[in-house]
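The values are calculated or read from the model by the stated rules, or taken from the named source; none is laboratory data. Computed from a predicted structure; not experimentally measured. Here the Cβ positions follow ideal geometry from the backbone for every residue, glycine too, while neighbour counts run over all protein chains shown.
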Amino acid sequence: MSYSIFDQEDLNSGLGSNLPLHRYAWLELEKGMWHFLTNLFSSTGESTRRWPDRKRALEELTSEGWKVVYPYPGKMAKKQPRDRACGYGLMWIDR
């Protein structure tokens, strides 16, 4: 299996102006706070938005047009172990 790293801005600049622009983000839980990240390789310390409540974070983000693409892990327990990553993959489409 191989992975490639791409720059979202370079990818979108080559697209025609008639196509919708997709943006991706992540909402991750760390130490009791939900962090909004727009770069896959960012740490939660680099997040510019944080919420103590998952429901509030998702409500705000969905009201802005973000859609939940997938939760990770696939089925989230009410109480996640501290060392296990959990969160949501998000997508926003500009039409």
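Figures for the structure shown
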{"quantity": "Among the candidates 72, 3, residue that is at pLDDT below 90 and surrounded by 13 or more Cβ atoms within 10 Å (Cβ to Cβ)", "calculated": "72"}
{"quantity": "Flag for residue 63 being of a type in the set (S, T, N, Q), surrounded by fewer than 13 Cβ atoms within 10 Å (Cβ to Cβ) and modelled with pLDDT of 90 or more", "calculated": "yes"}
{"quantity": "Hey, residue 56 of a type in the set (Lys, Arg), part of a strand (DSSP E or B) and modelled with pLDDT of 95 or more or not", "calculated": "no"}
{"quantity": "Residue tally, condition modelled with pLDDT of 85 or more and loosely packed, with under 14 Cβ neighbours inside 10 Å, over the range 23-41", "calculated": "4"}
{"quantity": "Pairs with Cβ under 7 Å, 6+ apart, first in the range 31-53 and of a type in the set (Phe, Trp, Tyr), second part of a loop (DSSP other than H, G, I, E, B) and surrounded by 10 or more Cβ atoms within 10 Å (Cβ to Cβ)", "calculated": "36/47"}
